[in-house]
Structure formats: structure tokens, C-alpha cells
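S.K.: Below you'll find the structure I mean.
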Amino acid sequence: MTERITVAVRVIPRSRSDRVDALRAGRLVLRVAAPPEAGAANRAAQTLLATALGLRAADVRLEQGSTSRDKLFSVPTNARAALERLPR
């Protein structure tokens, strides 16, 4: 099995636009325009994180928190450098 990096995020749905904010309480804040209905905010957060890291959305996995604002995503280890460039 391929090694993966866990990324703790807080998703804020129904924002004006999709964007990556700085860390807050040890979690990367992702603001998405999608509502938290039928998994739309989860898919938007997955796509936003993938875009920010230069990955395909399929490379970003939701590991925990499908019904919570606090989520754990995992990404391939080759995304480590891109993760370090995200806002702090």
C-alpha cells in the first residue's frame, strides 16, 4: 500500500467563493461555496484541496468526518512540498 499524508481540515460551506485559508487550531481552513447537502461540500473541499496541491481530485481521499466540518483527508506523499507552501 502506498504511503499517504493525513491533512486535518475545517470546511466552511456556503462561503462566497472556494478558497484555502490559513491554519486555525491546527487545521487547514477550506471555504467552499457548496452547501453541506448530499455531500456537495465534501466534493468541493476535495476538489479545492486537490487543486491547491496540484493533484487530481481522485488522489485526495476523505478518510474521516463525512458529516462534520472537521475532516481528515489523505494525500500521496509526493504532495508534501505543495502542502508546506499552503498558507499558514
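Since every read-out is calculated from the coordinates, none of them should be taken as a lab result. Please read all numbers here as calculations on a predicted model, not as lab measurements. Glycine gets a Cβ as well: all are built from the backbone with ideal geometry, and neighbour counts include every protein chain shown.
S.K.: Kindly express, to the nearest 10 degrees and within the range 0 to 90, the angle between helix 40-53's C-alpha long axis and the longest C-alpha principal axis of the chain.
M.R.: Relative to the chain, helix 40-53 is tipped by roughly 40 degrees.
S.K.: Nothing charged except the Cβ atoms of Lys and Arg (+1) and of Asp and Glu (-1): what's the magnitude of the dipole of the chain about its Cα centre? Round to the nearest 20 debye.
M.R.: On the way: 16 positive and 8 negative charges, 54 e Å.
Using Cβ point charges on Lys, Arg, Asp and Glu, the chain gives about 260 debye.
S.K.: Report the net charge of residues surrounding residue 55, where surrounding means a beta-carbon distance below 14 angstrom and charges are Lys +1, Arg +1, Asp -1, Glu -1.
M.R.: Taking every Cβ under 14 Å from that of residue 55, the sum is +4.
S.K.: Under 5 Å between amide H atoms, partner at least 5 residues away or on a different chain: which partners does residue 5 have, H built in plane at 1.01 Å?
M.R.: Amide H neighbours of residue 5, under 5 Å, 5+ apart: 75, 77.
S.K.: Rounded to whole Hz and in sequence order, give me ³J(HN,Hα) for the range 13-27 from the Karplus expression 6.51 cos²θ - 1.76 cosθ + 1.60, θ = phi - 60°, writing x for Gly and Pro.
M.R.: Those phi angles translate into x, 6, 7, 5, 8, 7, 7, 9, 9, 6, 5, 9, 6, x, 10 Hz.
S.K.: Could you tell me which residue out of 75, 23, 39 lies farthest along the dipole of the range 6-88 toward its positive end? Charges go on the beta carbon: Lys and Arg +1, Asp and Glu -1, centred on the Cα centre.
M.R.: Looking along the dipole axis, the top candidate is 23.
S.K.: Another question, then. Can you report the principal axis dimensions of the chain using only the alpha carbons, biggest first, rounded to whole angstrom?
M.R.: 32, 27, 22
S.K.: Also, quick follow-up: Which GluC sites (Glu not before Pro) in the chain pass both tests, a DSSP loop state and at most 14 other beta-carbon atoms within 10 Å?
M.R.: 3, 37
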